[in-house]
1. Output the relative contact order of the stretch B:68-127, whole-number percent, from Cα pairs under 8 angstrom with separation of 6+ residues.
2. Hey, with R₀ at 41 Å, roughly what FRET efficiency would B:Glu277 and B:Arg188 work out to, going by the Cβ-Cβ distance, to 0.05?
3. Each label point is 7 Å from the Cα along the Cα-to-Cβ direction; what then is the distance between the points at B:Asp503 and A:Glu13, in nm?
4. Give, in nm to one decimal, the length gained when the segment between B:Glu325 and B:Gln269 is fully stretched (0.36 nm per residue of separation minus the Cα-Cα distance).
5. Ranked highest first by average number of other Cβ atoms within 10 Å, how do A:22-31, B:88-97, A:5-14 line up?
6. Determine, for each peptide in A:353-364, A:46-57, the mean count of other beta carbons within 10 angstrom over its residues, then list the peptides with the highest first.
7. Order these by the 10 Å Cβ neighbour count, fewest first: A:Leu372, B:Leu357.
8. Using amide H atoms built in the peptide plane, which far-off residues or other-chain residues are under 5 Å from B:Leu211 H to H?
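We did not get these values from a lab; they are worked out from the coordinates using the rules stated. All values derive from a computational prediction rather than experimental measurement. Quick reminder, even Gly has a Cβ in these numbers, built from the backbone with ideal geometry, and neighbours come from all protein chains shown.
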Amino acid sequence: MSFIKNAQKILQENIREYGMFIALFVIMAFFTWRTEGLFISSRNISNLLNQTGYIAVLAVGMTLVIVIRCIDLSVGFLAGFLGAVAAIALVFWGLPVYVVIPLVLALGIVAGLLTAFLVAQMGIPSFVASLAGWLIYRGAIQLVTAGTGTIIIPDEAFNAIGNGFIPDIFPAEAGPLPGVHKLTLILGLLGIIVFIVNEINGRRKKQAYNFEVLPMDMFILKLVFVSALVGGIIWVLAGYQGLSWTAVVVLIVVLVYDFITSQTVLGRHIYAIGGNPEAAELSGISVKRLTYVVFGSMGMLSALSGILFASRLQSATTTAGTLFELDAIAAAFVGGVSAAGGVGKIMGSLIGALVMLSLTSGMNLMGIDISLQYLVRGAVLAAAVIFDVATRRRGK
Amino acid sequence: MQTIELTKRYGNRPALEKVSFTLSAGEVVGVVGRRGAGKSTLLNLLAGLHTPTAGTLHFRGQLLKPRGLYQAHRIGIELVPQTPLLSEPLGVLDNIFLGREIGWLRPDTTRMAERAHAVLAELDVHPRLLAQNTRELSDEQRQVVAIARVLCFDPAKPAALILFDDVFTSLSFQRQERLLSLIKTLARRGTSFLIASDNLKHLFAVTDRLLVLYDGRLVSDQRTAETTPREIVELTVGSTQHEQVTPIIWALESFHQAQQQAEELRRVQADLRESLEAQGSLNQQLLARLRAQVDALNQLNLALQSTQRRLMTERERERKALARELHDQVIQDLLSFNYRLEELEGAQGIEAHRGELSALRKSIRQIVGDLRQLCSDLRPPTIDTHGLSAAIRSHAQEWAENNGIPVQLDLQSDLGRLPEAIELSVFRIVQEALNNTRRHAAAHNVTLTLHRTPTATLLLRLADDGQGMPEPVDLAALSAQKHFGLLGISERVALLSGTLKIDSKKGEGLTLQVEIPSPSPLV
């Protein structure tokens, strides 16, 4: 009895935090039921993760931008433009992959710093500054692809990023568990173990300082729930071709950014600026400097997104990146980032991106008309923000 | 630290005009001025929060280009603004160390907490402040966090200059004192302070020098020891006229005094309330315990009463049985012996023993008579058949005849029948009371009344004109002298939940009044 009561209490107090997981779970269960298991099949989940990749990467960067009370509308076409630059560098300049990728990422950082210059130094609202970027990069992508149209990328290594899977340690049919991707399983298991050890350490540390922690039974429930979810996804993926390179890239980005925002001094400063810019300034934080950092990282992630997209299509098109920025912003808001600033987690945005992409994928599988799909996605976004505002008001 | 002709204008309005002064290491300098005289502007310029319109700042011999608080913090200049601004999504500890975390990548929470504990202890603040939600802090707690922020520096690398912009007002009096002594300690270790405040008393207690600003201009810069509060106030107000300055000094002094007193009062009040509450709860506990004991006693009493009542009924039943046994068995047997003796008397051939037999019969009849008396004592024969009034009447008559003392009877005629326990008890009370009168009173007249009152009680009053009793009547003493008469009466009365009243004066007779709650008469 007290277990259920505990669960209710924790859920009510942390509904903002756990609401997303529950929503994703419900959506996935719904589509699995409506498509008679097709949705949860190894192939579809693998596909879904690959599609989520380039939006998720943008959403991660966008989270930080929104947390410091800014917005960046230029990221979609910037990603498309940089994807085209990558294609040109590979095809026409003949540069090798290992040069092209750092080059494009560096260009992304520069583009981000440019926006940051306008915002921090000139005091232009980020909405306007990035709208200018949106127009400029849209023009730029059409300019660079004007002569050639769609550029086909023949480079195998580059295309593997968006389409390939990590190799297995054993041949697929040999060794224990034939037909299952062993390395994926091992990595998944390692990930779960690291997660559990981390959580236990964090709990100990909090207790040492008399901070509030979850009751023991809830803590175990959380560990079991997350482990089961991750384990389930890993198992499904291992049944197909294992972890894709896109998933690996997204995971690395998410883990790095999650670490930065939740553990480091930099992360604290970013949230402090979002919470109260004046207070942050008065405590000796350089808001300008952090604006550069956040927009720079946004630019770099835009470049990464462009690379993932170009690699997935194995080509650079004139319309690449259209509406990516709005998908990323929607994913961040669905993932619990607050428009008022100072609130939002990287993990949440990843889940938000998964929710939006699951909706698209599921409705495609069910054969729902594209116009209805937009209506549903719009309604979900509105519901997520209403939920956010309502829970915040109750919190005060 | 040196400023040369520091000027700041907001639009056309000058806030600070050509202010120049120097500040050496470990010096504590106060800044005084009226509201709008430029105190906050000066501090904000020094902290790099604002850019001066003209003039330069030099720090440790180098020209200082103001590039935000961020820069100032890095070279050791710290500002505590007038109103503390905190970042609400972050915890209190993170707020204290915001922008100055220990550790470059991951903040070292352990060391941060240790240092924060030390600083909070200096300010006499409980460390549980760190566990509170930033959103729920009081004004004073916010100010404490803001002050702790600039004091939480690495002891090996103390801040060079700390600017306090009127931070005392929202602190409690004791904490103000703590902060002042902390300022003195830190100044001795080489940290300079610039303190803007209206509290001249504090400034005179802690500063080495005082700067006076008047309308954005520095009008005085002198050592604290060489000046007086009056002079400072004169400069602050910009007038030396006695009638203008005196009220201000007086007002300032009395204001701070009043503030201090109010603080003290509040503290004492809180203490008082606390101790009152403690006492109240103690009282309540005692009362509760007492009540519990009284309850237990009551219970015991009730149990005792019911036992006694049972005992009494039992005794009456015994008496009744005994009386019936005597009457139906022994007396009948004796009477039949008597008849047989009578028959024998009339028989032939016993002439020699006739006289003896006749004597024997006489003594048998004597025994029968005695036994009958005994029976009626054991159980008034009339009470079962005719009721209480008849029994009392017959007993009183007998008593009067036996003792030669007339008894006036006033018995309610329509008394009716009462529960057996009450009837018997009242009868026994009358019996016992008359017994007492016979033995001790030496009375000439006895009046006995028995009435039903309008309040559903039975009132029995027995009055005599005898020698009375010494007052007050002490039942315990009587029982010690083995006089159980009154004690028995009082026990019976108590068993019927009635009241007993004895009215007596030496030589003026005695009135015994018994009131017993009684239900309506049985038909």
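1. 18
2. Once the sixth-power term is evaluated, E becomes 0.40.
3. Once both label points are built, they end up 7.5 nm from each other.
4. Stretched out fully, the B:Glu325 to B:Gln269 stretch lengthens by 12.0 nm.
5. Listed from highest to lowest mean packing, they are B:88-97, A:22-31, A:5-14.
6. Highest-to-lowest ranking by the protection proxy: A:46-57, A:353-364.
7. Starting with the residue having the fewest Cβ neighbours, the order is A:Leu372, B:Leu357.
8. B:Gly30, B:Val31, B:Val32
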